[in-house]
Amino acid sequence: MVRVPLTDDERERGERLGQALRAARAGRSMVDVAAEAGISVETLRKIETGRIPTPAFFTVTAIADAVGLPLDQLRAAVTPAASPPLSAAS
């Protein structure tokens, strides 16, 4: 299977995702959050730095749960203000 290269918008969205999760982690260590989310520290590091711009949904929800970040707040932090809600785009 060949992967289609990510667009600039997708890469930027991945960076915003990482920034939002890192900010929500606040003073907690990566080790603690990764352990609570059930992922490796390296995976968390890559997501927070944007090196994994499109992590699996369940990975994102596990991290968000671990840092106490509601998904609607995470979506708002990641979605550019000009983008319509998903239900309106369909």
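The values are calculated or read from the model by the stated rules, or taken from the named source; none is laboratory data. Quick caveat, the model's predicted, so the values are computed rather than measured. Quick reminder, even Gly has a Cβ in these numbers, built from the backbone with ideal geometry, and neighbours come from all protein chains shown. Surface accessibility is based on the protein's heavy atoms, side chains included, excluding ligands, DNA and RNA. Shrake-Rupley method; radii C 1.70, N 1.55, O 1.52, S 1.80 Å.
Residues of region 1-26 that are open to solvent by 60 Å² or more (accessible area, probe 1.4 Å) and either closer than 19 Å to ALA81 by Cβ or in a helix (DSSP H, G or I) (or both): THR7, ASP8, ASP9, ARG11, GLU12, ARG13, GLU15, ARG16, GLN19, ARG22, ALA23. Residue selection: ALA81 satisfies the criterion of being loosely packed, with under 12 Cβ neighbours inside 10 Å and modelled with pLDDT under 95. I want to confirm something. Restricting to region 27-49 and keeping residues that are without any contact (Cβ under 8 Å) to a residue 24 or more places away in the chain and among the polar types (S, T, N, Q), which single residue is surrounded by the most Cβ atoms within 10 Å (Cβ to Cβ)? Taking the candidates together, the pick is THR43. Whether any residue in region 52-63 is within 20 Å of ALA81 (Cβ to Cβ), open to solvent by less than 30 Å² (accessible area, probe 1.4 Å) and either of a type in the set (S, T, N, Q) or modelled with pLDDT under 95 (or both) is what I want to check. Yes - at least one qualifying residue is present in region 52-63.
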